[in-house]
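K.L.:
Take this structure, written in structure tokens, and hold onto it; I'll ask about it next.
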Amino acid sequence: MQTRTPLIAGNWKMQKTIGEALALVNALRSNLSNVKAEIVVAPTYTALSKVAECLQGSNIGVAAQDLFWEDFGAYTGAISAPLIKDAGAKYVIIGHSERRQFFGETDVTVNKKIKAALKHQLIPILCVGETLAEREGNLVQQIIEEQVSRGLYQLTQVELKDLVIAYEPVWAIGTGKTATPAQAEETHVLIRNFIAAQFSQEFADRLRILYGGSVKVANCKELLALKNIDGALIGGASLNAEEFSAIAKSVA
Ligand code: PGA
């Protein structure tokens, strides 16, 4: 059995000016120098390079929140893997439900973006998750398996070796509703089994699967203690240094 290093990632979404971002990471840097988890923050594009610079030599990595699949060119408003890499990103979040909901992201574009990230040695954090209607319609397994298989279409486990998957039930994001530990663990097991069937048991055992959706100090211990939950992708609670630090420190 593999041991998986827990990963605690903060997704700041469209929040924090450069000044606010630097204040937050300076606080995190001193709070989190001794934690057992790997820590990642995902600032806005405008703060990315300053945040990465500020975190140099620390144990905190930087992620971008999205990318476009072309490297360069006439794509007004887009940002590419080489550009975010140049700004200091090591990870990139791909297929977040807000991108799917508000920006027309599909499993096909997710797949193109994962390929672009891998081409430039960025580690993808692939987000998957069902809506409330899909959960109530008993479609969780079907939806998750579709998102995973289409998102990873034509990729090998060698190419995907550092992949991270984040399970984020759409109905739990920013709503204050969290999946129960049993619901979260059940879906993480489903994802791990599906990966084992599609790739190999060895790859599935190594794969880090994060839980996301209203993770906060009050519920993190219970969720992070579960066998198949290897960390968290945190929105709201990652905007506050004390709260995010307390969650990261709760990793045993
Ligand atoms: P939340 O967001 O923690 O605010 O629910 C999680 C996410 O969208 O990654």
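K.L.:
For segment 7-250, what is the charge dipole size about the Cα centre, in debye to the nearest 20, if Lys and Arg each add +1 at the Cβ and Asp and Glu each add -1 at the Cβ?
P.N.:
Using only the charged Cβ atoms, the result is roughly 440 debye.
K.L.:
Cα centroids of segment 210-252 and segment 164-198: how far apart, whole angstrom?
P.N.:
Centre-to-centre (Cα) distance: 14 Å.
K.L.:
With label points built 7 Å along Cα→Cβ from the Cα atoms of Ala246 and Lys227, find their separation and express it in nm.
P.N.:
For the pair Ala246/Lys227, the computed spacing is 3.0 nm.
K.L.:
Another one. Using a 1.4 Å probe on the protein chains only, how many percent of the accessible area of the chain belongs to carbon and sulfur?
P.N.:
53
K.L.:
Could I ask something else about it? Counting only heavy atoms of the protein chains, get the accessible area per residue of segment 7-250 (1.4 Å probe) and round it to a whole Å² value.
P.N.:
Per-residue accessible area for segment 7-250 comes out at 44 Å².
K.L.:
Students often forget the sequence filter, so: which lysines lie under 21 Å Cα-Cα from Lys227 once same-chain residues fewer than 8 apart are removed?
P.N.:
List returned: Lys36, Lys161, Lys216, Lys249.
K.L.:
Which value, in nm² and rounded to one decimal, describes the direction-averaged projected area of the C-alpha convex hull of segment 161-210?
P.N.:
3.7
K.L.:
Can you compute the FRET efficiency between Gln183 and Glu70 using 1/(1 + (r/R0)^6), with r the Cβ-Cβ distance and R0 = 30 Å? Round to the nearest 0.05.
P.N.:
Step by step, r from the Cβ atoms, then E = 0.20.
K.L.:
In whole angstrom, how far apart do the alpha carbon centroids of segment 20-38 and segment 79-112 sit?
P.N.:
The two parts, judged by their Cα centres, are 24 Å apart.
K.L.:
With unit charges on the beta carbons (Lys and Arg positive, Asp and Glu negative) and the dipole taken about the Cα centre of the chain, which residue among Val128, Val35, Val251 sits farthest to the positive side?
P.N.:
Positive-end residue among those listed: Val35.
K.L.:
Among rounded, prolate and oblate, which fits segment 88-151 when a ≥ b ≥ c are the square roots of the eigenvalues of its C-alpha gyration tensor, a/c under 1.5 means rounded, and a/b larger than b/c means prolate?
P.N.:
Prolate, since a/c reaches 1.5 and a/b exceeds b/c.
K.L.:
Right, another one. What is the Rg over Rh value, at two decimals, for the chain, using alpha-carbon atoms and the Kirkwood definition of Rh?
P.N.:
Ratio of gyration radius to Kirkwood radius: 0.93.
K.L.:
Would you please give the FRET efficiency between Asn26 and Val217, computed as 1/(1 + (r/R0)^6) with r the Cβ-Cβ distance and R0 = 22 Å, to the nearest 0.05?
P.N.:
The calculated FRET efficiency here is 0.60.
K.L.:
At what distance in nm do the modelled label points of Gln142 and Gln121 sit from each other, each positioned 7 Å from its Cα along Cα→Cβ?
P.N.:
Spacing of the two 7 Å Cα→Cβ label points: 4.3 nm.
K.L.:
Using a 1.4 angstrom probe on the protein heavy atoms only, line up Thr3, Thr156, Thr46, Thr109 by accessible area, largest first.
P.N.:
From most accessible down to least: Thr3, Thr46, Thr156, Thr109.
The values are calculated or read from the model by the stated rules, or taken from the named source; none is laboratory data. Worth saying up front: this structure is predicted, and the values here are computed from it rather than measured. All Cβ positions, even for glycine, are placed from backbone atoms using ideal geometry, and neighbour counts span all protein chains on display. In case anyone asks, the SASA skips ligands and DNA or RNA and just uses the protein heavy atoms, side chains included. Shrake-Rupley method; radii C 1.70, N 1.55, O 1.52, S 1.80 Å.
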